[in-house]
Each structure stands twice: as structure tokens, then as C-alpha cells.
């Protein structure tokens, strides 16, 4: 959201201040965490020949 504000030109009164804000964001020591979906992980390990797809219609009660 901060980046969108900076790019839209509403973050500060001068371009120099906007560049400083972007520079501070880039210098930050970001830590990225990735969460894996276990179901998707195990599906990638299954051979394609053994995957069964079931189709059914959901009726209106």
C-alpha cells in the first residue's frame, strides 16, 4: 500500500522525498516466509496415471 501511495505521488511533497522513501524500503532487511500447501505438495508427487478425478452434480434441495 505504501508503494502504491509513493507511485501515485501522494506520499510526499517532493520527488526527492519519494526517492528516499523507496530507498528506505529497498534497504530494509526483509524476511520472506513461504507456506506450502500439503495437499498440493503430495499431489505433485503422485504419478499422473494413478490420479482419479470424480465429477458429480450438486443438486438443489
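Bear in mind that the values in this text are calculations on the coordinates, not laboratory data. The structure presented is a predicted model; accordingly, all values stated were derived computationally and were not measured. We place every Cβ from the backbone using ideal geometry, glycine too, and count neighbours over all the protein chains shown.
Extending 7 Å from Cα along the Cβ direction at residue 56 and again at residue 41 yields two label points whose distance is 2.9 nm.
The label point for residue 32 and the one for residue 14, both projected 7 Å from the Cα toward the Cβ, are 3.4 nm apart. By other beta-carbon atoms within 10 Å, ranking 22, 34 with the fewest at the front produces 34, 22.
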